[in-house]
1. Condition test on TYR42, is it surrounded by 14 or more Cβ atoms within 10 Å (Cβ to Cβ), aromatic (Phe, Trp, Tyr) and in contact with a strand residue (DSSP E or B) (Cβ under 8 Å, 6 or more places away or on another chain)?
2. Taking only pairs six or more apart or across chains, which ones have beta-carbon atoms under 7 Å, a first residue in segment 1-23 that is closer than 14 Å to LEU48 by Cα, and a second residue that is in a helix (DSSP H, G or I) and basic (Lys, Arg)?
Amino acid sequence: MERYSVKQLASLAGVSVRTLHLYDEIGLLKPSIRTEKKYRLYGRPEALRLQQILFYKELGMPLKEIADILDDPQFD
């Protein structure tokens, strides 16, 4: 399974490392693994979730609403 560091995922998605740190802090996008040295690593599911976050953000939705949508058990 492929893993992305914060820097790699930020570069792929066109966002800053700080943005990914913020998303982790607020619980919007958690890394799949946190190493012993506290490095964040993301997998494919997290990369897909980030894509969804950025889509809704582009529509002008606040992060809280995005989290509510993505965390809704009815969301597909």
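No lab work stands behind these numbers, since they all come straight from the coordinates. Keep in mind the model is a prediction, meaning the values are calculated, not measured. Ideal geometry is used to build each Cβ from the backbone, glycine not excepted, and the neighbour counts take in all protein chains shown.
1. yes
2. Going by the 7 Å Cβ cut-off, the qualifying pairs are GLU2/ARG44.
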